Amino acid sequence: MFQLTPQEKITKAKVLLQTRNPFFSYISTYLKFFPSETVATMGVDRYGNCPYNPEWVKKLSMDELVFVIEHEILHLIFEHLKRRGGRSPLIWNMASDLVVNAILRESGERVPEFALFRDTEDAKKSVEQVYDELMKNIIECRTTGSGGQRGEGSGDRKKEGLGGSEAELP
């Protein structure tokens, strides 16, 4: 059976966006996708450079890949990278992913299993608000000693593309 290369798969997803969401399709034409073994999933910088892990892209369904491209576009539109300031990169990334994924869910997209998602209420909040909530929860867990064991929760950081390490936590 014929299998698309990761780059061909991305191109097909961008074409599919033309029929599903012309707005995202138009913006996707400005993104510069390139393979990179240094990222676990896919990312974007403020210039529209989108490194992706070819092995990860191969495993995605077309719907999941379209979701991921829309996700990266929203990070650019909302200027998440510019707004982080001196905040924890790991927690900021989690907060921005929660907001972006909630917005996509609110617009009718199915959130893939691997994506961070709490509920659609996050779509009504700024990343700064969600960041503050996450920080408050971390502080409360550290103060009270409550919370789950390390490793419990919504997923593996590397799988989620969150990167980072325990040392990055505030």
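What follows is calculated from the coordinates using simple rules that are stated; it is not laboratory data. Bear in mind that the values here come from a model prediction, so they are computed numbers and not experimental data. Counting neighbours? That spans all protein chains shown, and the Cβs are built from the backbone with ideal geometry, glycine included.
Assorted remarks:
- Among 6-16, 22-32, the order from most to least packed when residues are scored by Cβ within 10 Å on average: 6-16, 22-32
- Our coupling estimate for the stretch 100-109, obtained by passing each phi through the Karplus curve with A = 6.51, B = -1.76, C = 1.60 and θ = phi - 60°, is 4, 5, 5, 4, 5, 5, 4, 7, x, 6 Hz, Gly and Pro reported as x.
- Remark on Y52: its backbone amide H falls under 5 Å from those of F34, S36, a criterion applied only to residues 5 or more positions apart or on other chains, H modelled at 1.01 Å from N.
- For the stretch 1-110, convex hull volume per residue from C-alpha positions, Å³: 105 Å³
- Phi angles of the stretch 44-53 translate, via the Karplus equation with coefficients 6.51, -1.76, 1.60 and θ = phi - 60°, into HN-Hα couplings of 8, 10, 5, 9, x, 6, 10, x, 9, 8 Hz per residue; Gly and Pro are given as x.
- Applying a DSSP loop filter and a limit of 16 other Cβ atoms within 10 Å to the GluC sites (Glu not before Pro) in the stretch 105-145 leaves E113.
- Summarised in one figure, the compactness ratio Rg/Rh of the stretch 62-139, Cα atoms and Kirkwood Rh, is 0.96.
- Inter-probe distance in nm under a simple model that places probes 7 Å from Cα toward Cβ, at K58 and Q129: 4.2 nm
- Pairwise label distance in nanometres, T29 with Q3, each label 7 Å out on the Cα-Cβ vector: 3.2 nm
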